[in-house]
Amino acid sequence: MRRLFFFLVGVLIACGVSATVLPVEYAIDVELDPRTHRLQGTEKIRWTNMGGAPTAELWFHLYLNAFANHRTTFMRGMAKDTHRAEDTVEHRWGWTRLLSLRLEDGTDLLPTLGFERPDDGNPDDFTVARVVLERPVEPGASVTLDLVFEAQLPGVIARTGWAGDFHMMGQWFPKLGVFEEAGHGGRTEAGWNCHQFHPSTEFYSDFGRYRVQLTVPEHFVIGATGIQVEERAVSEGTARKRTLTFTADRVHDFAWCAAPADLMAVIESDFDPGRDVPAPWLERARSLLGLSTADLELPPVHLRLLVPQTQVKLADRMLRSARLAMAWYGLFYGAYPYPQLTLVSPPPGAEEAAGMEYPTFITTGATKLLEYPPVSWLSINEGVTIHEFGHQYFQGMLASNEFEEAWLDEGLNTYADTSCMEAVKNDGLVPEIRISGSWATKRLSWAFRKSPLQVDREAWKFRTRRDYGTASYSKTALALKTLEGLLGPDVFARAMRSYVDTWRFRHPTGDDFRAAISESAGEDLGWFFDQALEGDAIVDWAVANVVQREKTVSEGMMWDGGQWVEPAGEMGDSEDDDPSEGHEAWNIHADIMRRGNFRGPIEVMFRFSDGREERRTWDGQDRWVRFEFSSSERLASVVIDPEGVWALEGERKNNYWRDQPDSGAATRRLWWATAAMRLMAFVVQPWS
């Protein structure tokens, strides 16, 4: 009954969006041969020109050709420390072949097909194809194509392929690029955005409507994008097969997996908002976003998990992770708009298929070791599941260009999933987790990074895979965490929610994100984004010097009442002084330095020996600033950024100063300790 309920919900949602005009519609009929790991398929594509300029060509992604030989752009890139450099698909190559390509009227387009290499000119790369039309497709007009294709799956690599009887179909069908208008993403004229498949890039596609028929052996189970609407048995001689039909609307891709039922178990479950939304999270969202409980109401969602039979004991933990993710992202970024989420935990040997996102379909990553302490105390499975679900928002619903601006997906999602994991840990929602780093881990990993790193650049142009990952994931997330601290949690939460609400299903660019956050925050944040994302500025504050001088004797003449007079003498000689209050006085100055080249406001806390605190804010524009005090007590300590707002600051050991006894031995000990800390650059001060 419950499954019927979710099916009906899906049908109602589908009916509600079926009248929406989408740029592309795919009708695909494909059969998997598990012995040869090959796909035979037909594809009907209807593409509508949603732009303002005509086009007489169509550009296609043929992703599986990345695995055809060692000379493709993808495989060459693997040898450059960019992505999965130790992996190989030798003797298990993959490819796509277009057998027929015709217009609806029968016009043969295959003779016009040519391969393009827009990124590197590699003549051995065949991942992008261009087809020339006899007549241009005018704005608002449509063109319908009929394709016949054959695809060989590689040994599992980069999210797709086969391992034993397990088959993961990602990037498996001929797929149109995105036709962009002039001005979008800085384009000077309208044209197709269709990059080659690089080892350090993911994907960018238009929103579309899919109806896909999948034929597999009778004993196979399937997980796929969208919802299943039909199933029928197929007999061919002695072979027994079945065909399952899936539909999905307003999605930019379609992925699926297939495996024998004795290898993968299928577990049906659900997300019930009345049961699964933690009360503290609801209250937190209400407070930060200023929304009512009714505004934050979430719909039920059907959950479908495919898990290896050997990992069934971990199923409850996987599903709980999905529910927590659905609650957190739903509260802070809006309701998940689809009726179903399918999760797949790849079996042993297929780890390359783990940790990936597609619309309404994600792969997690688990191992049987997670059943046993101390491995079970780690948040590995929760972290992967929550991160991959988060891509249903920062990629699935927004569909930014991961080729050109990976940070806009990976970085925003890393900020969101780390915030979610921090809440999971702090609120004790997964009792099994005893070891979890969350933001502390992110900051510590960044502390080891010493060289400058620019975030906003094409994914394949980073020097190494590590640079790509650090910039697109960690640095971006820490930049957003810093901005949250500078603006305040409520202002930043509302800005992020506004960005997601505004740009759902619209392909936002980095400029759109920056403008949306600035507008919502009510101030121009260009100064921050220019340094954190566009540039490679480094954040590094330091206590440069502290001087404390005791006030003793006032010598010389002082001007008083129109004449020069001689002071009474030493401080404390006045009859008005109250000895019980203490009569020592200090002149103090503290120099705070901006050692890095990142400019911005910074708070400094001064604590005196009697426990009193003073806080001062510096705009951080000059290289240094001097704060002066006249105090009855010595200065005991100085802390720059006491709340840890500047998450982007890696080296914090020089943010601290403490008063030391005024003795030669103590001074020497302090000098040697300071010198040792500077030599040991890997030692990091605990976060404030």
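The values are calculated or read from the model by the stated rules, or taken from the named source; none is laboratory data. Everything numeric in this text was worked out from a predicted model, so none of it was measured. All Cβ positions, glycine included, derive from the backbone under ideal geometry; neighbour counts span all protein chains shown.
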Checked the stretch 510-554 for anything touching a residue at least 24 places away in the same chain (Cβ under 8 Å), under 30 Å from residue 403 (Cα atoms) and part of a loop (DSSP other than H, G, I, E, B); matches are 525, 535, 536, 537, 538, 539
Query raised in the report: Can residue 52 be described as at pLDDT below 95, in contact with a Ser or Thr (Cβ under 9 Å, 6 or more places away or on another chain) and over 22 Å from residue 164 (Cα atoms)?
Result: no
Review point. Hey, does the stretch 624-633 have a residue that's modelled with pLDDT of 95 or more and under 30 Å from residue 473 (Cβ atoms)?
Key: no
Just one listed residue, out of 521, 495, is at pLDDT 95 or above, more than 19 Å from the chain's Cα centre (by Cα) and surrounded by 12 or more Cβ atoms within 10 Å (Cβ to Cβ), and it is 521
Residue 317: passes all of (1) over 30 Å from residue 163 (Cα atoms); (2) touching a Leu at 6+ places or on another chain (Cβ under 9 Å); (3) in contact (Cβ under 8 Å) with a residue 60 or more places away in the chain; (4) not aliphatic (A, V, I, L, M) but (1)
| said: Going residue by residue through the stretch 418-431, is there one that turns out to be surrounded by fewer than 19 Cβ atoms within 10 Å (Cβ to Cβ), more than 29 Å from residue 519 (Cα to Cα) and β-branched (Val, Ile, Thr)? | reply: yes
Selection from the stretch 342-365 of residues of a type in the set (Asp, Glu) and farther than 16 Å from residue 325 by Cα yields 351, 352
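Results for (1) surrounded by 18 or more Cβ atoms within 10 Å (Cβ to Cβ); (2) touching a Phe, Trp or Tyr at 6+ places or on another chain (Cβ under 6 Å); (3) aliphatic (A, V, I, L, M); (4) more than 22 Å from residue 458 (Cα to Cα), shown as yes or no for each residue.
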| site | (1), (2), (3), (4) |
| --- | --- |
| 147 | yes, no, yes, yes |
| 160 | yes, no, no, yes |
| 186 | no, no, no, no |
| 192 | yes, yes, no, no |
| 210 | yes, yes, no, yes |
| 220 | yes, no, no, yes |
Exactly one of 149, 207 is more than 26 Å from residue 471 (Cβ to Cβ), over 25 Å from the mean Cα position of the chain (by Cα) and of a type outside the set (A, V, I, L, M), and that residue is 149
Here, helices (runs of 4 or more DSSP H) confined to the stretch 382-499 with at least 3 residues that are touching a helix residue (DSSP H, G or I) at 6+ places or on another chain (Cβ under 7 Å) are 407-426, 439-447, 476-487
Scanning the stretch 434-452 residue by residue, those farther than 14 Å from residue 651 by Cβ and either out of contact with any strand residue (DSSP E or B) (no Cβ under 9 Å at 6 or more places or on another chain) or basic (Lys, Arg) (or both) turn out to be 434, 437, 438, 439, 440, 441, 442
(1) in contact (Cβ under 8 Å) with a residue 12 or more places away in the chain; (2) more than 26 Å from the chain's Cα centre (by Cα) all hold for residue 171 apart from (2)
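Please verify whether the stretch 294-308 includes one or more residues that are among the basic types (Lys, Arg) and within 22 Å of residue 364 (Cβ to Cβ).
Taking every residue of the stretch 294-308 in turn, at least one turns out to be among the basic types (Lys, Arg) and within 22 Å of residue 364 (Cβ to Cβ).
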Residues of the stretch 107-137 being surrounded by 13 or more Cβ atoms within 10 Å (Cβ to Cβ) and either in a strand (DSSP E or B) or at pLDDT below 95 (or both), in sequence order, are 115, 128, 129, 130, 131, 133, 136, 137
Going by what's in this entry, would residue 235 be described as surrounded by 14 or more Cβ atoms within 10 Å (Cβ to Cβ), more than 22 Å from residue 160 (Cβ to Cβ) and touching a strand residue (DSSP E or B) at 6+ places or on another chain (Cβ under 9 Å)?
no
Within the stretch 217-231, residues being under 20 Å from residue 339 (Cβ atoms) and not in a strand (DSSP E or B) number 2
Among the residues of the stretch 23-43, is there at least one that is in a loop (DSSP other than H, G, I, E, B), modelled with pLDDT under 95 and more than 24 Å from residue 462 (Cβ to Cβ)?
no
>> Checking the structure you have, find out if any residue of the stretch 319-338 is buried (at least 22 other Cβ atoms within 10 Å of the Cβ) and closer than 27 Å to residue 197 by Cβ.
In response: yes
Query raised in the report: Just to be sure, is residue 229 of a type in the set (Val, Ile, Thr) and buried (at least 16 other Cβ atoms within 10 Å of the Cβ)?
Result: no
Residue hits (the stretch 177-197; of a type in the set (A, V, I, L, M) and farther than 15 Å from residue 118 by Cβ) are 182, 190
Within the stretch 358-367, can one find any residue that is in a loop (DSSP other than H, G, I, E, B), in contact (Cβ under 8 Å) with a residue 24 or more places away in the chain, surrounded by fewer than 22 Cβ atoms within 10 Å (Cβ to Cβ) and not β-branched (Val, Ile, Thr)? no
